[in-house]
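Only one structure is covered here, and it is reproduced in the block below.
Only the coordinates and a few stated rules stand behind these numbers; no lab work does. Owing to the predicted nature of the structure, the values given are computational and were not obtained by experimental measurement. Here the Cβ is made from the backbone with ideal geometry for all residues, glycine too, and neighbour counts use every protein chain on show.
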Amino acid sequence: MKAVILAAGEGKRLRPFTETMPKVMLPVANKPILEHVIDAVKNSGINEIIMVVGYKKEVIMDYFKDYKKIKITYVEQDKQLGTAHALLQAKKHVKNSFIVLAGDNFIDQNSISNLIKNDSEYSILIKEHPHPSKYGVVFIEKNNLKEIVEKPKEERGKFISTGIYKLPKTIFNKIEEITSQGTYALSSVAQSIINDGKQINTILADCWMDIVYPWDLIQVNESMIHNTTASVSGVIEKGVTIKGGVSIGKDTKIYSGCYIVGPVVVGEGCEIGPNTCIFPSTTIGDNSVIHPFSEIRNSVIMDNAHIGSSSFISNSIIARGSIIDNNFSSVPGSSTIEIDHEFKQLKNLGAMIGEDCTIGSHVVVDPGVIIGRKCNIAPIKRITKNISSGSKVM
Amino acid sequence: MCGIIGYNGFREADKVLIDCLKRLEYRGYDSAGIGVIGKKLKIFKEVGEISKLEKEIPTLDGDIGIGHTRWATHGSVTRENAHPHISQNKKIAVIHNGIIENFKELKEELEKKGIKFNSATDTEVITHLISNYYKGDLEDAVYSAIKKLKGSYAIAVVCEDEPEKLVGARNESPLIIGVGDNENFIASDIPALLRYTNRVIYLDDGEICVVSKNSVRVLDENKKEVNKKVNLIKWDFKDAEKSGFPHFMLKEIYDQPDSITQVLRGRASEINRTIEFNEKIENILSNGLDSIHIVACGTSYYSSLAGKYLIEKLTNIPVFVELASEYRYFGTRNEKSLIIGVTQSGETADTLAALKEARNSGCRTLVVTNTIGSTATRISDAYILSQSGPEICVAATKTFTSQILVLFLIALKIAMIKNTIGTDELYNYILQLKELPREIRQVLDQNNEILKVAKHLKNCRSVFFIGRGINYPLSLEGALKLKEISYIHAEGFAAGELKHGPFALLTKFTPVVAIVTNDSTYDKIIANIGEIKARGPQVIAIAEDNDTEIDKHADFILRFPSNLDLLSCIPITVILQLLAYHVANLRGCPIDKPRNLAKSVTVE
Amino acid sequence: MKCVILAAGEGKRMHPLTFTRPKVMLPIANKPIMEWNLLNAKKAGLKEFIFVVGYKSEMVRNYFGKGEKWNVNINYVNQGDALGTAHAIGMVKKFTNKFIVLCGDTIFGSQDIKNIIKKEMSIGLVKVDSPEEYGIVETKGKKIVKIYEKMPKPFSNIINAGIYHFNNKIFNFIEKTKKSPRGEYEITDSINMMIKNNDIEGVLLKEWRDVAYPWHLLDANEEILDKIDKKIEGNVEKNTCLNGNIIIGKNSRIMAGSYIEGPVIIGSGCKIGPNCYIRPHTSIGNNCHIGNACEIKNSIIMNNTNVPHHNYVGDSVIGQNCNLGSGTKIANLRLDKKTINISLNGKKIDSKLRKLGVIMGDNVQTGINSIINVSSIIGNNVLIGPGAVASGEIKPHSKIL
């Protein structure tokens, strides 16, 4: 059976991190989310993937060009019009029943296997969720889908749709019908099928995670990194303490006095220390340098980042290429963030810093602050509000 | 230049030959052909790429054959000129890489004997010579034939009357034997065969080999059998893919933030504030160096010129850069000289010859190359890999910037050894090197601005590039890139030289690209721009971010990040690469495989 | 009648031992797995061999040559790309039309091979304890009905043993075989096609041992060592104690104070002792040095490796050209006595063993008094510094200082 993976979206709500790459390529535990999804798909028994790409497709195609574990065929969605429209692009590559899933939602392989094995012609994976009204809430009758309501105004129901379906080839006719009427969401197609009298079987998913906002990256990283097994490469100097599941990449140097407590993933070609502490659940990308006496915990540091000495980084994201001078502090705490005309209360969130920023020494960033791409911040500043990409703070 | 493959074994020869030819295509691709002996000798050849040949070729039964991909040196690109060439009795087929210098006299002699020629190539001469000498023993015939040849050749020959034999011969063009199980190969180079065997025998000049299904014999110029070493090749050859970019060239330009990181990996340590190479290289760079000579061809010559500025600035050691093809005829050197050969492929014939010459004079030799296992790495004292990954586009992009960076690292290392640079200064350079990838990303973000400027160049007949100091070799490279892929005439000049002649060429139809850096050359180049504008041409300046003065002087400005000092050459190069790419793209040129050019030039 | 042995596979699950050798060349009781098959096939009467090679083929070729040492004839065919068992077997089409095929990384007994030779168009079957890890075979009487893929709840515990007797009809079916879901051409698919119009018989085997993970080598080592006979060729000094079945190779020197409890095999050119303790089920390769105050138990030590002073090695596999510094010790028992989990290639595997020392690749150097923790996997060319502690999976070329 084949799988269609939708990977064309930009992920506007994840800016500034999606300014240079599509949402599916954001790294979690040092692998793009899409790679985690593909691995799960492959392990569930699927033998071919049709990948629908669009926004910044070269980033995806370049990364997976040597990926040999499963055959990947690319199709392009030239205008990002919605999930059903994206699926439609795969029409001529699919000859039988197939599964469709988004490339940016993590799903475990058992759930996919269960979906494949299910006898019904149409089936969907659903999940229990404490705040279902953020998503498509589903109402069930006897294990079949009765209704999907996208982002209802009131809190009702307790299950949401994961957006992962098993569908027959005939679905494409239905999609063409619905999209020609100007509706482009897959959930609307599903609703239309239910209205036609067909049954969509519901299966409970084990493990499903969505990344909508930048802080979701930290949480998903924390969940995914628990699978890390200890594996050490590179040079580990004397006097280094490594505990728990810590993976250290090729050519990386961990200098004396470092204290690393897993689960932690350190990429290739990095230099860490001396006397630097890395606590769970932290991911550090390739070619990054962390100077002495720094402490990093529960954070995602991407490739080519430089963290100056005596810095404290917690519950934060530092994107690729950012250069941060000494004595930097990202203080985790509660914050209120305005998104989509709503105010959200977030707990225990640090700083989120975009690509290629230059941050001077002794800078402090308040909880929940998002700093855009290529920003320049002068020394001894306290950042209390979001900074948009390309700005300078003097 | 041309690619050669010969097979004698148990598999279907036509499939094996086409598969191997695909891996040789970078050597030459204007036409291709194969010849297979089943019951009879059958040939199929065609103009165009291997993929075209593959689609059109019928099945040729047989388990012995030869294949060739051609880059024309004599005779235009036609089906008749493509190899293999066959004898008049249609029983002998020959493929050839190289140039036969006396082919005209040989052709006249043969025509007097009544032989009719079908092509304008020098190769056909070899075919008819062998056929004339053939009296039942193929290697004897080949012996006699090659005695009459003057020039370079790597040939493979099969004969319908002796279908168990594949014969090869080499003189000054590369040829190797691949030793398999129940099968053997002849090829121009290793990547062609790696799928089937990793054991190779290197043929030396003047040797002939006779390859059967289960044995290989190598004979020297006196027909004596020679015992040759079988070498085990340990490296892998992976194919690159375009990954969603419209051309390999664009992908390889965008690869540069990564390829730059790879050059620095394991060599530039930020925490230890040092540059590290392996012991062999460190020995060569120590122990009193009086002078450094860099030999290279083409784009590598320009990266070497840039390297010269960097090494002289940091180490005070005199650096001479010479075109490898000229090195053999000039050049002063002694045991305290370091000769650095810069060659992306490691197979460039001129550069190899220069390195051999240097070695024979007792100099220390170091090679900067992108290809592990290449001939250059084997004939020098030590080598440094630029680690850029495979570069498929014929026009060099990422390997150029990687070469400059390797030379920069060498400069820093020598400076460390000689104490001409303080630890703080070294640390600053290391930080700058580490920041390069993101500075390049910044330049790549300006793709659209560069495209807009390219539109103004698209219909010009000539474009001039000028620069001072280290920017002079960059202007040469900028002109070369534009020439190579857009077929517009372009020339680079030292800015100060324009007034000594080339000014005469300037009109309002000849735009000038000026490289402007905020250093001691700034005022002079602004003055040059003034002089140029007074004569009509539009001026496109490549200038620093925080240069506000330039706005008053240039018509178009493309920006690169300020404060990179010596390393500005890298983002400037990326702008020049993108400019050339967009001009060529707007003109509809075949960017990855420009006409008449081959990636690695193995003839002199 | 030719014997085709499939020897092209890398054996990724055997990392780091298979970074420098193909799986079939891993040594058990001082002979590569493949040599056991060659000897047993020869005992069964086969003298003409075709080895299908691929990954690191030069190791196979350098060891076996043309077969003169065993008085047999060996021909080689290079598979090129690792495209599956059917593709590998298809390579021999031009060289034979009646042949036995053995998977080179599984050890078969000579009597069983004889039985397979007797029945043209047959495949070997064997009963196993955990059939869910293999493909089971459905039979009707003696005839094969179908060979199944691996399944979680198999309905039988009889599996495909990996030994076949074919004639040239198989090549037609190999040519028609399509790629399996994992991207390879599988001989089991070809056989399933052939069954439709041809009878294939199943032959139940009595002896069968396959090795999937490195610690399985220790089980196979134990099994084969239990069958050896005493043969002492080297130079044994006075005041040594040799009990049980012990093989000592030419030019090996056993110095005073050595205490060896068989079954143990020691290769040629070794220097053993003085005052060392070698316990049962240990295989020591050629040119090794086991020195003073060393104790080795239930382990495989490959050629040119030194365990030279004050070391303990238990339940371990150590590659070639390694050097353990004085005082290096290998832990092989968890203090809480639970079964041992191993992380290999990023996955956690329960070895189901109570004792497991180290799986060490080639060219590893350890400094004095260094410590290797239980179930460590140490890659090739790793350096472990003086006094350092190595734990878990350590990838090739790393340094633990």
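Could you calculate, for the stretch A:1-50, the ratio of the Cα radius of gyration to the Kirkwood radius, expressed as Rg to Rh?
1.04
Using a Debye calculation, one point per C-alpha and no hydration shell, please list log10 I(q)/I(0) for chain B at q = 0.11, 0.12 Å⁻¹ in order.
Once normalised to I(0) and log-transformed, intensities are -1.05, -1.18.
So for the stretch B:341-487, what percent of the C-alpha to C-alpha distances run longer than 27 Å?
37
Provide Rg and Dmax in Å for the stretch C:222-400, with only Cα atoms included in the calculation.
15.8, 49
Taking square-rooted eigenvalues a ≥ b ≥ c of the alpha carbon gyration tensor, is the stretch C:360-401 rounded, prolate or oblate, where a/c under 1.5 means rounded and, failing that, a/b exceeding b/c means prolate?
oblate
May I ask for the equivalent-ellipsoid semi-axes of the stretch B:65-188, computed as the square root of five times each C-alpha gyration tensor eigenvalue and listed largest first in whole Å?
22, 17, 14
Return the ratio Rg/(2.2 N^0.38 Å) for the protein assembly as shown, where Rg is computed over Cα atoms only.
0.99
What percentages, rounded to whole numbers, describe P(r) for the stretch A:2-212 computed over all alpha carbon pairs with 10 Å bin width beginning at zero?
Percent of pairs per bin, in order: 9, 36, 40, 15, 1.
Near the amide H of A:Ile371, under 5 Å away, which other amide H atoms are found, from residues 5 or more places off or on another chain, if H is placed in the peptide plane?
When sequence neighbours closer than 5 places are left aside, the close amide H contacts are A:Met352, A:Ile353, A:Gly354, A:Ile387.
P(r) tail for chain C, what percent of Cα pairs lie past 30 Å?
Tail of P(r) above 30 Å: 43 percent of Cα pairs.
Take peptides C:146-152, B:204-210 and line them up by average Cβ neighbours within 10 Å, highest first, as a rough protection proxy.
Ranking the peptides C:146-152, B:204-210 by packing returns B:204-210, C:146-152.
Nearest 5 is fine: what % of DSSP beta bridges in the protein assembly as shown come out antiparallel, could you say?
In the protein assembly as shown, approximately 40 percent of DSSP beta bridges are antiparallel ones.
Using only the Cα atoms of the stretch B:285-358, build the gyration tensor, take square roots of its eigenvalues as a ≥ b ≥ c, and label the shape rounded, prolate or oblate: rounded if a/c is under 1.5, else prolate if a/b is larger than b/c, else oblate.
oblate
In whole Å, how far is the Cα centre of the stretch C:148-197 from that of the stretch B:291-307?
What the calculation gives is 59 Å, centre to centre.
Over the Cα atoms of the stretch C:2-212, what radius of gyration and what Dmax do you get, in Å?
16.1, 47
Quick one: check the C-alpha center-to-center distance for the stretch A:87-147 versus the stretch C:228-299, whole angstrom.
64
How do B:Arg461, B:Arg441 line up, fewest other C-beta atoms within 10 Å first?
By the 10 Å Cβ count, ascending: B:Arg461, B:Arg441.
Give the value in nm², to one decimal: projected area of the alpha carbon convex hull of the stretch B:242-443, averaged over all directions.
10.9
Can you check what the net charge comes to around C:Ser180, using other residues whose Cβ is under 9 Å from the Cβ of C:Ser180 (Lys, Arg +1; Asp, Glu -1)?
Local charge sum for C:Ser180: -1.
Mean projection of the alpha-carbon convex hull of the stretch C:251-341 over all orientations, in nm²?
5.7
Need one number: % antiparallel among DSSP beta bridges in chain B, to the nearest 5.
Roughly 60 percent of the DSSP beta bridges within chain B come out antiparallel.
Can you tally the net charge around A:Asn96? Count Lys and Arg as +1, Asp and Glu as -1, for every other residue whose Cβ sits under 12 Å from the Cβ of A:Asn96.
With Lys, Arg at +1 and Asp, Glu at -1, the neighbours total +2.
When A:Ile370, B:Ile294 are ordered from fewest to most other Cβ atoms inside 10 Å of their Cβ, what list results?
Least to most surrounded, the residues fall as A:Ile370, B:Ile294.
Looking at chain C, what % of its DSSP beta bridges pair antiparallel, to the nearest 5?
In chain C, approximately 25 percent of DSSP beta bridges are antiparallel ones.
Using helices alone, what [θ] at 222 nm do you get for chain B, with -39,500 (n - 2.57) per DSSP H run of 4 or more residues, divided over all residues and rounded to the nearest 500?
After summing the helix terms and dividing by the residues of chain B, the value is -11000 deg cm²/dmol.
Using only the alpha-carbon atoms, what does chain A span along each of its principal axes? Please give whole angstrom values in decreasing order.
Computed over the Cα atoms, the extents are 65, 43, 37 Å.
Pairwise over distinct Cα atoms, reciprocal of the mean inverse distance: report the Kirkwood radius of the stretch A:224-393 in Å, one decimal place.
It works out to 15.9 Å.
Considering every Cα-Cα pair within the stretch B:263-325, what fraction, in whole percent, is farther apart than 14 Å?
67
Quick one: C:Met255, A:Met352, C:Met25, fewest Cβ neighbours within 10 Å first, how do they rank?
Listing C:Met255, A:Met352, C:Met25 from fewest to most nearby Cβ atoms yields C:Met255, C:Met25, A:Met352.
Can you pull the Rg over Rh of the stretch B:341-419, Cα-only, Kirkwood?
Checking Rg against Rh, the ratio lands at 0.99.
Just need log10 I(q)/I(0) for the stretch C:41-158 at q = 0.11, 0.21 Å⁻¹, Debye formula, equal scatterers on the alpha-carbon atoms, no solvent, rounded to two decimals.
Values returned for q = 0.11, 0.21 Å⁻¹ are -0.47, -1.35.
Could you work out Rg/(2.2 N^0.38 Å) for the stretch A:63-149, with Rg from alpha carbons only?
Working it through for the stretch A:63-149, the quotient is 1.29.
Cα axis of helix A:186-195 to longest principal axis of chain A: angle in degrees, 0 to 90, nearest 10?
Compared with the principal axis, the helix lies near 30 degrees.
Would you mind estimating how fast the stretch B:446-604 diffuses translationally, via Stokes-Einstein at 10 °C and 1.306 mPa s with the Kirkwood radius over Cα pairs, in µm²/s?
101
Which FRET efficiency, nearest 0.05, do C:Lys338 and B:Ile271 yield, Cβ-Cβ r, R0 51 Å?
About 0.80, to the nearest 0.05.
Report the gain in length on full extension from C:Lys348 to C:Asp226: 0.36 nm times residue separation, minus Cα-Cα distance, nm rounded to one decimal.
40.8 nm
As I understand it, the value is the acute angle between the Cα axis of helix C:216-225 and the longest principal axis of the Cα atoms of chain C; what does it come to in degrees, rounded to 10?
80
I need the phi-derived Karplus couplings for the stretch B:261-266: 6.51 cos²θ - 1.76 cosθ + 1.60, θ = phi - 60°, integer Hz, Gly and Pro marked x.
4, 5, 4, 7, 4, x
All other residues with a Cβ under 10 Å from the Cβ of A:Ala319 taken together, and with Lys, Arg as +1 and Asp, Glu as -1, what is their net charge?
-2
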